[in-house]
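Here is the structure we will look at, set down as structure tokens.
Quick note: the coordinates plus some simple rules give every number you see, no bench work behind them. Only a predicted model underlies this, so the values are computations on that prediction, with no experimental measurement involved. Cβ sites come from the backbone with ideal geometry, for glycine too, and all protein chains shown count toward neighbours.
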Amino acid sequence: MSSHSAQSKIVEAVSAEPHPLQEIWQAFRRNRGALAGLVIIVLIALTAIFADTLAPHPQAEQYRDAFLLPPAWVEGGSTRFILGTDDIGRDILSRIIQGARVSLSTGAMVVVSSLLLGIVLGLISAFNRGLVDIAIMRLMDIMLALPSLLLAIVIVAILGPSLVNAALAVVIVQLPHFVRLTRAAALAELGKDYVTASRVSGAGLLRLMWITVLPNCLAPLIVQATLGFSSAILDLAALGFLGMGAQPPTPEWGTMLSSALQFIQRAWWVVTFPGLAILIVVLAFNLMGDGLRDALDPKLKEG
């Protein structure tokens with residue numbers, strides 16, 4: 001009876017332990033700023049997915065009787081155009097909603113591409129100490145030595161202004177951060193006993209890289225990807241503002257700012273609302289990234 005009761009107590013203790021994902025979620029939800037950021041991101045993502053349904057007007061439709069119409073709550077505004085219209089009569093709200101789809105989809109493509117390339121190069125560098133490691137890391141150091149926006153501008157100037165080329169430039173700009181982070185995390189894991197045991201048991205190089213080491217390096221990479229999302233959106237908006245990203249009439253927030261800059265003194269709404277959209281999205285991703293960092297870092301949890 002005593003052994004049976006002891007076993008049942010062990011089973012109850014094991015079942016009572018929360019799942020690691022539950023622990024992460026509990027730590028994350030305690031950060032109100034991170035939770036608010038997550039809610040905002042989910043709402044904006046849903047807006048981007050259902051942009052065609054939510055947008056009150058076609059984003060490229062020009063209303064000849066409504067040039068530079070102010071928002072609905074301002075004198076002279078109309079409830080037909082809640083946030084007003086731009087200089088050629090297009091509804092600003094519809095263009096911001098459609099711009100959410102452009103910005104989020106392009107930002108996601110940038111982050112996923114730079115993350116995957118960074119993981120591959122970082123693991124290759126960590127597992128091949130010597131000339132390969134030196135060559136990869138010196139190249140990353142050279143890229144990091146240049147200001148990120150300046151490097152992106154140079155790349156787009158060579159390739160030509162377009163949304164695709166701007167996205168490619170931002171991928172290259174963000175790549176060094178993921179490479180260095182992956183390499184550092186992999187090197188920290190390589191000296192641990194479980195990796196040595198895997199080597200002794202005959203695990204091949206690819207298995208060590210992708211199955212043994214990589215899963216234990218994901219926590220800092222997830223945080224960096226979240227923060228990198230906000231940087232990607234900001235860089236894409238900056239390139240669009242400089243005329244080197246998305247080209248009109250694509251409803252990209254940076255491009256909307258660029259085309260409306262000349263009207264800032266007499267039509268504040270054409271600049272304010274696209275700028276607020278960029279601010280809110282970037283702030284939300286930064287808040288969520290900070291919350292994920294706190295939730296995934298064991299040292300911060302202990303403190």
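Here are a few things to note about the model shown:
- Gain on full stretching of the segment that runs from residue 23 to residue 263 - 0.36 nm per residue minus C-alpha separation: 81.4 nm
- Relative contact order (percent, whole number), region 39-140, Cα cutoff 8 Å, 6+ residue spacing: 23 percent
- Modelled label positions at residue 35 and residue 164, each set 7 Å beyond Cα in the direction of Cβ, lie 4.4 nm from each other.
- Maximal additional length on extending the residue 72-residue 280 stretch stands at 72.7 nm, based on 0.36 nm per residue less the C-alpha distance.
- Annotation for residue 297 and residue 142: the two label points, set 7 Å from Cα along the Cα-Cβ direction, are 3.3 nm apart.
- Region 118-144-region 76-116 distance, computed between alpha-carbon centres (Å): 38 Å
- Helix-derived mean residue ellipticity, 222 nm - over the chain, DSSP H n ≥ 4, -39500 (n - 2.57), to 500: -23000 deg cm²/dmol
- Under 17 Å from the residue 134 label point (7 Å along Cα→beta-carbon), backbone N, region 169-192: none
- Charge dipole (the chain, unit charges on Cβ, about Cα centre) - positive-most of 181, 112, 289: 181
- Which of 216, 270, 200, positive extreme of dipole for region 33-302 (C-beta unit charges): 200
- Taking amide H as placed 1.01 Å from N in the peptide plane, the amide H of residue 78 sits under 5 Å from that of 72, each at least 5 places away or on another chain.
- Length-normalised contact order for region 33-302 - Cα pairs under 8 Å, 6+ apart - percent: 25 percent
- Net length gained if the chain between residue 54 and residue 82 were fully extended (0.36 nm per residue, minus Cα distance): 8.8 nm
- Simple Cβ-charge dipole of region 33-302, Lys/Arg +1 and Asp/Glu -1, about Cα centre, in debye nearest 20: 640 debye
- Set of region 33-52 residues, backbone N closer than 12 Å to the point 7 Å along the Cα-Cβ line of residue 63: none
- Convex hull (Cα only) mean projected area of the chain, reported in nm² to one decimal: 22.5 nm²
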